[in-house]
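Written out below as structure tokens is the structure these notes cover.
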Amino acid sequence: MTTKIRGIIFDLDDTLFDCTGQLTQPARRRAAQILASAHPDLSIETGYQQQVLLSQTHGSSEAIRILGTQYNIPPNIIEKALNAYNPRNVEAIAPFPDVLPTLATLVQRGYQIALVTSGNPDRQREKVRLLGLCNYFTETDNTLILHDDQKSSDKQPSLAQAAKALSLPHAQILCIGDKLTDEIATAKTLGMTTVHMHHGRQKNRKPQTPTEKPDIEIDRISQLLSLLP
Ligand SMILES: [Mg+2]
């Protein structure tokens, strides 16, 4: 299945680093603390668990707004919680330990690589820098595509743009990500081979449609080395 592969498109959050553990969980706790301080019946733990639940259907920021509204928390406090969730500066983060050696080996073996990440472009750019990935992915040659999720939730044009930057037909590209609803379904629709990284929010999600079913499942990035000789 992977013998024809010549290029790889990576996702960033929860694929190349532990975004859930390093950023999402502490951020939700900060937001929960602020909301809980404004309502006697809301504990930090409930505020945290409710964000986890609500974010599955509404996204993380909207989850904070809904929760705040449910508890009649004043808009300025909700705003403070949102700022605590999404601080301007990205905290200290590190890639999964096997990521940098794996990327080096893949490049050495002749694979072309690109990174497509969605979110706030400034924030995602800063993550790429802090993770030490600038040597591999740059905006100048489109091997780094920062997909602005406020403009569109559909990652498809960004994946197609990355494929174009690699100058490879979609059939020769492997796309790897942690979200079945996002990277997997989108890349599969484009005719790429798909790899699901078991991490983060959709770790235990079962495919809901045929397009959400990945071709390959992995638990760590270094497993790519046995798939791609
Ligand atoms: Mg991700």
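The values are calculated or read from the model by the stated rules, or taken from the named source; none is laboratory data. Just so it is clear, the model here is predicted, and its values are computed rather than measured. As a convention, Cβ positions derive from the backbone with ideal geometry for all residues, glycine included, and neighbour counts pool all protein chains shown.
Side notes on the structure shown:
- For the range 9-33, a residue qualifies if it is among the β-branched types (Val, Ile, Thr) and surrounded by 23 or more Cβ atoms within 10 Å (Cβ to Cβ), and the qualifying residues are Ile9, Thr15.
- Of the criteria (1) of a type in the set (A, V, I, L, M, F, W, C); (2) farther than 20 Å from Leu100 by Cβ; (3) within 16 Å of the ligand (Cβ to nearest atom), which one Leu168 fails: (3)
- Residue match in the range 170-188 (condition: in a loop (DSSP other than H, G, I, E, B) and either exposed (fewer than 14 other Cβ atoms within 10 Å of the Cβ) or not assigned by TED's automatic domain parsing to the domain that holds Leu100 (or both)): no
- In the range 180-229, residue farthest from Gly110 (Cα to Cα) [restricted to those that are of a type in the set (Val, Ile, Thr) and away from the ligand (no atom under 16 Å from the Cβ)]: Thr209
- Any hit, the range 206-221, residues being more than 16 Å from the chain's Cα centre (by Cα), assigned by TED's automatic domain parsing to the domain that holds Leu115, buried (at least 22 other Cβ atoms within 10 Å of the Cβ) and farther than 25 Å from Thr57 by Cβ: no
- Any hit, the range 74-89, residues being surrounded by 16 or more Cβ atoms within 10 Å (Cβ to Cβ) and in contact with a Phe, Trp or Tyr (Cβ under 6 Å, 6 or more places away or on another chain): no
- Residues of the range 94-124 that are outside any strand (DSSP E or B), modelled with pLDDT under 95 and within 16 Å of the ligand (Cβ to nearest atom): Asn120, Pro121, Arg123, Gln124.
- For Leu146, the test of being touching a residue at least 40 places away in the same chain (Cβ under 8 Å), closer than 20 Å to Gln112 by Cα and out of contact with any His (no Cβ under 9 Å at 6 or more places or on another chain) is failed.
- When the range 38-65 is filtered for residues that are surrounded by 13 or more Cβ atoms within 10 Å (Cβ to Cβ), under 19 Å from the mean Cα position of the chain (by Cα) and of a type in the set (Val, Ile, Thr), only Val52 remains.
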